[in-house]
Structures are given as C-alpha cells and as structure tokens.
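Throughout, read-outs are computed from the coordinates displayed, never taken from laboratory work. These numbers come from a predicted model, not from an experiment. Because the Cβ atoms are built from the backbone with ideal geometry, glycine has one as well, and the counts that use them run over all protein chains shown.
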Amino acid sequence: MTLGAEPKTRSDDRVFVLELIDDKAPKDSLGLTDSRLFTGGNRIHTLKNPETCLWYFTYDSGAVPEKLKCQFTSFSAAKKFAEAYYVARNIRIKEVLD
C-alpha cells in the first residue's frame with residue numbers, strides 16, 4: 001500500500017483549449033484561424049511520437065497552419081511556441097487537457 005498521492009502520468013496526447021483575448025476577431029493575415037477552435041468544434045492536439053519522442057501539433061479536422069508544422073523535444077517547448085504563435089493572433093491557451 002502506498003502512502004500519499006500517486007504520481008500523475010501525463011498523456012502523450014494533450015489538447016489546448018483556446019479563447020480570444022479581448023473578444024475581437026482573431027488576427028490572421030491569411031484567414032487560417034479556424035473559428036471552431038473557440039467553440040470546441042475543432043481542437044488542437046499536441047502529440048508525442050513514440051518512436052522519435054518529438055512533440056507535434058495536429059487538429060481534429062483540417063490542416064495545421066504552416067508555422068505550427070514543426071516538432072519539439074519537449075511538451076513545454078511546444079507549448080511555449082504555441083503560446084507565442086497564438087498570442088500574436090489575439091488568442092490565448094486557456095487550459096491544457098491531458
């Protein structure tokens with residue numbers, strides 16, 4: 001029997017929940033920001049490739065914007081990149097779901 005809290009095992013598929021920063025339209029010169037990302041109709045996942053141990057982004061449906069088509073050595077690096085990408089577009093990461 002173990003005493004205390006069990007260590008939390010984090011998932012290799014984490015979902016970013018996004019929201020608009022000031023309730024205005026997202027800023028994107030190419031119009032690539034999917035409005036379903038704010039309503040739950042589409043979600044952005046950060047996945048870990050089990051073979052390479054690299055993290056990458058994918059959507060439930062549709063193509064990931066070109067700037068997000070990269071890989072990272074850690075989840076924290078991927079999250080930091082996504083935060084910078086989305087804050088420039090008037091969007092923030094509200095929550096990360098495991």
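Summary of values
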item: Estimated dipole of the range 37-97 in Debye, rounded to 20 [Cβ of Lys and Arg +1, of Asp and Glu -1, Cα centre]; result: 200
item: Residues with amide H under 5 Å from that of Asp60, placed H, sequence gap 5 or more; result: Arg43, His45
item: Close Lys-Lys pairs in the range 37-97, where close means Cα under 16 Å and separation is 8 or more or interchain; result: 9
item: Note, ³J(HN,Hα) from phi for the range 82-96, Karplus 6.51, -1.76, 1.60, rounded to Hz, x at Gly and Pro; result: 5, 4, 5, 4, 6, 5, 5, 10, 6, 10, 10, 8, 7, 7, 10
item: Residue-by-residue Karplus 3J(HN,Hα) for the range 74-79, coefficients 6.51, -1.76, 1.60, Hz, glycine and proline x; result: 8, 5, 4, 5, 5, 5
item: Cα lying deepest toward the dipole's positive end in the range 37-97, options Ser61, Asn90, Phe75, charges on Cβ; result: Asn90
item: Virtual paramagnetic centre 7 Å along Cα→Cβ of Tyr59, amide N under 11 Å, in the range 66-81; result: 66
